[in-house]
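Since the structure comes first, as structure tokens, the remarks are kept for the end.
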Amino acid sequence: MFRRYLYLLLLTVNLIYPRTIADTVGWTFRDRQFLGPAVRYIYNDTLRGVHIIYKDDYGAIRYNFKPRGQNWRFSQPVIVNRYPRNLGSLDIDITNGKALIATEYLNRNQHLISFFTDQVAGAGTFRETEITTGPQFNLVAAARFGYPKFAAIQNDSLYYFSRWSARNLGPIGPFPFHNIVASKLSSRLGFVWTDRSTHKLFFRETPDGGGTWYGTRSLSDSAPGSCRFSLFGASLVYDSIQPHLVLDLYDGTNRGRIQLWHYCQY
């Protein structure tokens, strides 16, 4: 069996041409890492270093960390989980730099979602915490206070989960066409997803980590032109309070049209 190398691509600026520098992080036997949109498998903590995760073979999740100004901590990234898990996404607790990894698994024909927390920033020694039973396709985000929040699918709807509450955000279908992001400078959480039947993009936001919620907005209805639908959802990031989205769009005929959207409800 051929070994697939996983590369971290770093874009540097040159006065004439951009240069792409590839750095080998580890290797894997899995080509397909996630079924839906591009989710977060890498996080650059500017205070401490770069975290990265990926799938390796059946049910194994690997992790590596590159401290600022140093080499990768592990020559072969460490295995996070003791038992098989499906990988969701990565974020960090900005207050202490610990990696947070969303996962799910099937136990006696029942779906469970969980997450792993590193014991020390970059140590690669993880502890698992179960969240709830029923959902699947679990993703994680943590805002400025570091509390992990989750987005997962249950009964063909997208749900927000924390360790103490849950909220139905809207219909999505059975497949993972959703994403979640948190601002590290505020308590905002943003959720974006594609409706399976209409291929419209929807967005919903909470300004205070799940306490109060703004209404669901159809991004496709507010965008100009015909190329405003999506088959796979979107990726997004916050600056402080404004989300910015990268989308794979189509107009019913032409696919693979990448656009950058800046959303503001005010």
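Some notes on this structure:
- Considering the conditions (1) acidic (Asp, Glu); (2) closer than 19 Å to residue 41 by Cα; (3) surrounded by fewer than 17 Cβ atoms within 10 Å (Cβ to Cβ), residue 248 is excluded by exactly one of them, (3).
- Filter pass, residue 185 being in a loop (DSSP other than H, G, I, E, B), of a type in the set (A, V, I, L, M) and touching a strand residue (DSSP E or B) at 6+ places or on another chain (Cβ under 8 Å): yes
- Restricted to the range 121-159, and to residues there that are polar (S, T, N, Q) and assigned to a strand (DSSP E or B), the residue that is surrounded by the most Cβ atoms within 10 Å (Cβ to Cβ) is 138.
- Residue pairs meeting the criteria (Cβ under 7 Å; at least 6 apart or on separate chains; first acidic (Asp, Glu), in the range 39-64; second surrounded by fewer than 21 Cβ atoms within 10 Å (Cβ to Cβ)): 45/97; 56/28; 56/29; 56/30; 57/29; 57/30
- Among the candidates 186, 230, 226, 197, residue that is of a type in the set (Gly, Ala, Ser), in contact (Cβ under 8 Å) with a residue 24 or more places away in the chain and under 17 Å from residue 91 (Cβ atoms): 186
- When restricted to residues that are surrounded by fewer than 19 Cβ atoms within 10 Å (Cβ to Cβ) and under 29 Å from residue 73 (Cα atoms), the range 105-120 contains 3.
- For the range 202-216, residues that are more than 26 Å from residue 229 (Cα to Cα) and either aromatic (Phe, Trp, Tyr) or loosely packed, with under 12 Cβ neighbours inside 10 Å (or both) total 2.
- Matching strands (runs of 3 or more DSSP E) fully within the range 199-266 where at least 2 residues are modelled with pLDDT of 90 or more and under 30 Å from residue 163 (Cα atoms): 201-206, 229-238, 243-250
- Tally of residues being of a type in the set (Asp, Glu) and within 20 Å of the chain's Cα centre (by Cα) across the range 229-266: 2
- Among the residues making up the range 158-206, a single one is among the small types (Gly, Ala, Ser) and within 19 Å of residue 86 (Cβ to Cβ): 173.
- Restricting the search to strands (runs of 3 or more DSSP E) fully inside the range 15-117 and requiring at least 1 residues that are among the basic types (Lys, Arg) and touching an Asp or Glu at 6+ places or on another chain (Cβ under 7 Å) gives 60-67, 98-107.
- Remark: pairs (first residue in the range 161-180, without any contact (Cβ under 8 Å) to a residue 24 or more places away in the chain; second residue acidic (Asp, Glu); Cβ separation under 6 Å; 6+ apart in sequence or on different chains) = 174/156.
- Residue 177 being modelled with pLDDT under 95, in contact with a Pro (Cβ under 8 Å, 6 or more places away or on another chain) and under 23 Å from residue 253 (Cα atoms): yes
The values are calculated or read from the model by the stated rules, or taken from the named source; none is laboratory data. Bear in mind the structure is a predicted one, so any value in this text is a computation, not a measurement. Methodologically, a virtual Cβ is constructed for each residue, glycine included, from the backbone with ideal geometry; neighbour enumeration extends over all protein chains shown.
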